[in-house]
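The values are calculated or read from the model by the stated rules, or taken from the named source; none is laboratory data. Keep in mind that this is a model prediction, so the values were computed, not measured. Cβ placement follows ideal geometry from the backbone for every residue including glycine, while neighbour counts extend to all protein chains displayed.
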Amino acid sequence: MNLYEIRSRTYFEISSDSGDYNKFVNALRCSPVQFFGLEIRKNVISGYVRTKDMKRLCSLAEAYRLDVTQSREHGAAVVLKKYKKRYGLVIGFMLSVGITAFLNDRVMMIEIGGNETISDSRIISLLEDTGISIGSRISDIDLRQAERRIKGMDKDVGWIGIRHTGSRVVVEISELTEPPEMQSKNTPCNIVASRDAQIKNVRLYSGMLVPMVGDGVKKGDIIVSGVVDTKYGRSFYVHSIGEITGIYTEKMTFSKPLECEEYVGAGTAEKKAISIFGKRFVYSSEGSVDGEYEYNEDETPLTLGKITFPVSRVDMHYHLLEKATVTRTEEEAEQLIGERIDRYEKNFITGNSEIVQRDIEKSVSNGVVTFSVTYTLEGEIGVEKQIFARYEGAQGLEKKTEESK
C-alpha cells in the first residue's frame, strides 16, 4: 500500500469553456502538487490530491481561468475530524484505557489446584494473611515471600507455588502426607483379637493358628501365633499374616424425649449486596436478623463471555430460629430415632463390617422413648502385635516372649 493511500485526500473536478487544459496540466506536472488518478474527459479534468495540496491546486487552476470543484474527501484524518467535538467518545476511550490499566494490576481471580485434604477456604485464608486477595495490587505482592510464609504457617503444606498471569493468580499445592508406619515383614508378630467374637473364617498365610474356626475369643487373645514349633522340638519366630473374620455384637442406645426445648423456625430475612473486590455493600434488606439463625447465600458474578469480573451480586438468606417447647407423639419420636439409627449405620458401621442381624428393644419411661439396638456384625477381628524376643546364648531362642503394649 502506498503512503498516499493512508493519508487524507480530496477528489476534485476542473472545468471551463475558455481555459487552456494543456498548459494547466503541464504546469501541474511541474508544480510540487502531488496528484493521482488524473483523467481528462471532454471539458472536465478529474482526480485527487492530498488535502494539504488542495489550496495550491486551486491557485494554479485560477491562474489558467479554470473552475475547481471539490467533490469529496477521504482518509483517516477526515473520519477523525467528524468526531472532533464528540467529547464523550474521547472520555470513554480514556476511561477504558484507565480501567484496563487499573484492573490489569489487580487480582481478579484466584485458582487453586493440587489440594486434596486442605480445603479451598483454608488456602484462601492463608493467602489473605500474606496479602493476596481479590482486589490486591499485583505489583505490591512478593510471591516468593508469600510462598515461604504459607509453608511456615501451615504444617500440612509440603510445597506451594504461586504465579500470576495478567490479573489471574494460580496457586499449586502439594500436601505433606505422613509416611505410613513401616513394619518389616521379618519382624515377629502375633495376630490377636481386637474384640470379643466368634471366629467364622480364617485365611492364614504365615504363623500358627491357635483357636479353631467356630471357637470364641476374648479381646487380646492370640489367634495366630508367631512362635512356630517344629516336629523336632525347636521353635522359631515368624511374622504372622492372615485374615480373621468373626461374628461379634455391639449395643447402642438411642432416645428422644416426647417434650423438650428445641430451636424451631421463626421466619426469614433477606439481604442483597454488591460485592466489589470482596467488599460487600448492602443495598436492600428485608426483615431483621437477631438471635440464632441458619445462613446461606447465592453469589452471581459479573461475566462477559469467559471473563469473570471481581463484581458480583450476593443474595443472603437468613432462616431465623427461636427456642420453643416441642411436644411429639410416640410415633413422631420413633420416626426421628429411626433417622438417627440410619445415620449411625451409614457413618459408623462401614468398611469391612456387615450387619448380620439387628434387634431393637423399645421402652418408654418418664416421657422418653428409648431404642436399645443390638447389632450382630461380621467383620475383621484380627490385629497384629509385635513379639519382643531375646537370644539366650548360642543354643537358640528363648521361648519366653513379651508382647508390646
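Taken over segment 148-169, residues that are surrounded by 16 or more Cβ atoms within 10 Å (Cβ to Cβ) and small (Gly, Ala, Ser) amount to 1. Go through segment 77-108 residue by residue and tally those that are at pLDDT 75 or above and over 39 Å from the mean Cα position of the chain (by Cα). Matching residues across segment 77-108 total 0. The strands (runs of 3 or more DSSP E) falling completely within segment 175-272 that include 1 or more residues that are under 30 Å from Val326 (Cα atoms) map to 241-257. Any residue that is outside any helix (DSSP H, G or I), in contact with a helix residue (DSSP H, G or I) (Cβ under 8 Å, 6 or more places away or on another chain), at pLDDT 80 or above and exposed (fewer than 10 other Cβ atoms within 10 Å of the Cβ) - is there at least one of those in segment 32-49? Yes: segment 32-49 contains one or more residues that are outside any helix (DSSP H, G or I), in contact with a helix residue (DSSP H, G or I) (Cβ under 8 Å, 6 or more places away or on another chain), at pLDDT 80 or above and exposed (fewer than 10 other Cβ atoms within 10 Å of the Cβ). Tallying residues that are more than 13 Å from Tyr11 (Cα to Cα) and either without any contact (Cβ under 8 Å) to a residue 40 or more places away in the chain or surrounded by 11 or more Cβ atoms within 10 Å (Cβ to Cβ) (or both) within segment 56-77 yields 11.
Every residue, every condition in (1) closer than 17 Å to Ile112 by Cβ; (2) modelled with pLDDT of 85 or more, yes or no:
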site: Ile134; (1), (2): yes, no
site: Arg144; (1), (2): no, yes
site: Glu147; (1), (2): yes, yes
site: Ile150; (1), (2): yes, yes
site: Asp156; (1), (2): yes, yes
site: His164; (1), (2): yes, yes
site: Ser167; (1), (2): yes, no
site: Glu181; (1), (2): no, no
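The set of residues from segment 316-355 being among the basic types (Lys, Arg) and more than 30 Å from Ala273 (Cα to Cα) comprises Arg328, Arg340, Arg343, Lys346. Remark: pairs (first residue in segment 29-46, under 15 Å from Leu66 (Cβ atoms); second residue among the basic types (Lys, Arg); Cβ separation under 6 Å; 6+ apart in sequence or on different chains) = Val33/Arg56.
A search for C-beta distances below 7 Å between a residue of segment 197-211 that is at negative phi and any residue that is part of a strand (DSSP E or B) and surrounded by fewer than 16 Cβ atoms within 10 Å (Cβ to Cβ), counting only pairs 6+ apart in sequence or on different chains, returns Gln198/Gly216; Arg203/Glu243; Met208/Val228.
Listed conditions (1) hydroxyl-bearing (Ser, Thr, Tyr); (2) in contact with a strand residue (DSSP E or B) (Cβ under 9 Å, 6 or more places away or on another chain); (3) without any contact (Cβ under 8 Å) to a residue 12 or more places away in the chain are all met by Ser133, apart from (3).
For segment 238-288, a residue qualifies if it is under 15 Å from Val314 (Cβ atoms), at pLDDT below 90 and surrounded by 12 or more Cβ atoms within 10 Å (Cβ to Cβ), and the qualifying residues are Ser275, Ile276, Phe277, Gly278, Arg280. If only residues of segment 368-405 that are among the aromatic types (Phe, Trp, Tyr) and modelled with pLDDT of 90 or more are counted, the one that is nearest to Asn190 (Cα to Cα) is Tyr375.
Can you work out which of the residues in segment 200-212 that are surrounded by fewer than 16 Cβ atoms within 10 Å (Cβ to Cβ) and within 51 Å of the chain's Cα centre (by Cα) is farthest from Asn190 (Cα to Cα)? By that ranking, first place goes to Asn201. Inside segment 338-381, residues that are farther than 17 Å from Lys251 by Cβ and more than 41 Å from the chain's Cα centre (by Cα) make up a count of 6.
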